[in-house]
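Colleague: A single structure is presented below for examination.
The values are calculated or read from the model by the stated rules, or taken from the named source; none is laboratory data. Here the structure is a predicted model, which is why all the values come from computation and not from measurement. Note that we place each Cβ from the backbone using ideal geometry, even for glycine, and neighbour counts take in every protein chain shown. The area values use the complete protein model at the heavy-atom level, side chains included, leaving out ligands, DNA and RNA. Shrake-Rupley method; radii C 1.70, N 1.55, O 1.52, S 1.80 Å.
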Amino acid sequence: MVTGSLKEGNIGYIKITSFSKGAASETAKLLEKLNTENIIIDLCNNPGGAHDELIGMFNLFAPKGPVLRVYMDGKKRTYFSDNHNFGKYRIAILVNKISASAAEAFAGTMKDLDAAVIIGEKTYGKGTLSRLFEEKRRQGIVMSKGIYTTAAGTKINGIGVMPHIETKNEDEAYET
């Protein structure tokens, strides 16, 4: 789910709660509506989501070129951004210790590419691609099917993404 608004100082605030189906297209529509070059992308408490949506987000914000490497079944695959409008936005990305998976891949790559300033806490550290195998009665098994790094080779799994600027919201309630 993606929500957002224009804040004081002509700053666009975009909250992405997950990289679920439609997140990239919702973000693109919101960017048009906000009509500003100053963007805060809030990925706090974002558990990740669909790989396709992550690549869609890179196509909105990352420079043209490699953005993600996936290692699966003994093979490496590199994904690319085809963003021809890179540089249109000045971006800050908010993360916390619950930001995970695709949220971390996005923040980590944007950090490696010097395409955004990352603010918050070190992220969770889940750099794996997972698949849900559903069984009867809405139960299932989640299995990791690969790992990923940023295109620069920065590992996330078991490490997390360290922000440029560390802050902690003491009022925020975390689930344990």
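Colleague: From the P(r) of the chain, could you give the percentage of C-alpha pairs in the tail past 27 Å? Working shown, then result.
Modeller: On the way: 3471 of 15400 pairs.
In whole percent, the long-distance tail amounts to 23.
Colleague: While we're on this one: Under 13 Å from the Cβ of residue 36, count the other residues' Cβ atoms, weight Lys and Arg +1, Asp and Glu -1, and hand me the total. Kindly include the intermediate steps, with their values, before the conclusion.
Modeller: Working: positive: 7, 33, 88, 90; negative: 8, 32, 37.
Its environment carries a net charge of +1.
Colleague: While we're on this one: Out of all DSSP beta bridges with both ends in region 1-66, state the antiparallel percent to the nearest 5.
Modeller: Taking every DSSP beta bridge within region 1-66, about 50 percent pair in antiparallel fashion.
Colleague: Continuing with this model, one more query. What is the dipole size for region 1-158, taken about its Cα centre, with +1 at each Lys and Arg Cβ and -1 at each Asp and Glu Cβ, in debye to the nearest 20? Walk me through the intermediate numbers first.
Modeller: Working: 22 positive and 15 negative charges, 95 e Å.
The dipole magnitude comes to about 460 debye.
Colleague: Could you state how much accessible area residue 161 has, in square angstrom rounded to the nearest 10, with a 1.4 Å probe and all protein chains kept in place?
Modeller: Solvent-accessible area, nearest 10 Å²: 10 Å².
Colleague: Where the only charges are on Cβ atoms (+1 Lys, Arg; -1 Asp, Glu), what is the dipole of region 92-131 about its Cα centre, to the nearest 20 debye?
Modeller: 200 debye
Colleague: Roughly speaking, what is the stretch gain from residue 114 to residue 168, that is 0.36 nm per residue apart minus the C-alpha to C-alpha distance, in nm to one decimal? Walk me through the numbers on the way to the answer.
Modeller: On the way: separation 54, 0.36 × 54 = 19.44 nm, distance 2.24 nm.
Result: 17.2 nm gained on full extension.
Colleague: Go ahead and run the numbers for FRET between residue 71 and residue 37, Cβ-Cβ distance against an R0 of 30 Å, rounding to 0.05. Write down the numbers at each step before the final one.
Modeller: Numbers: r = 35 Å, r/R0 = 1.18.
Efficiency computed from Cβ-Cβ geometry: 0.25.
Colleague: Considering only DSSP beta bridges with both partners in region 5-159, what is the antiparallel share in %, to the nearest 5?
Modeller: On the way: 22 of 37 bridges.
Of all bridge pairs located within region 5-159, approximately 60 percent are antiparallel.
Colleague: For region 29-102, with only Lys/Arg (+1) and Asp/Glu (-1) charged at the beta-carbon, what is the dipole magnitude about the Cα centre, in debye rounded to 20? The partial results should precede the final answer.
Modeller: Working: 10 positive and 7 negative charges, 45 e Å.
I would put it at about 220 debye.
Colleague: Name the residue from 119, 46, 150 whose Cα lies farthest towards the positive end of the charge dipole of the chain, charges +1 on Cβ of Lys and Arg and -1 on Cβ of Asp and Glu.
Modeller: Farthest towards the positive pole: 150.
Colleague: May I pose another question? Going by alpha carbons, how many degrees (0 to 90, nearest 10) lie between the helix axis of 23-34 and the longest principal axis of the chain?
Modeller: Taking the Cα atoms of the chain, the angle to 23-34 is about 0 degrees.
Colleague: For the chain, what is the calculated [θ] at 222 nm in deg cm²/dmol (nearest 500), taking -39500 (n - 2.57) for each run of four or more DSSP H residues and dividing by its residue count?
Modeller: On the way: 3 runs with 34 residues, N = 176.
For the chain, the value works out to -6000 deg cm²/dmol.
Colleague: With contacts defined as alpha carbon pairs under 8 Å and 6 or more residues apart, what's the relative contact order of the chain in percent?
Modeller: Numbers: 420 pairs, mean separation 33.7, N = 176.
This gives 19 percent for the chain.
Colleague: Also, I was wondering about something else. When all protein chains stay in place, what accessible area (Å², nearest 10, 1.4 Å probe) is found for residue 101?
Modeller: The accessible area comes out at roughly 10 Å².
Colleague: Set the Förster radius R0 to 35 Å, insert the Cβ-Cβ distance between residue 5 and residue 80 as r into 1/(1 + (r/R0)^6), and round the FRET efficiency to 0.05.
Modeller: 0.65
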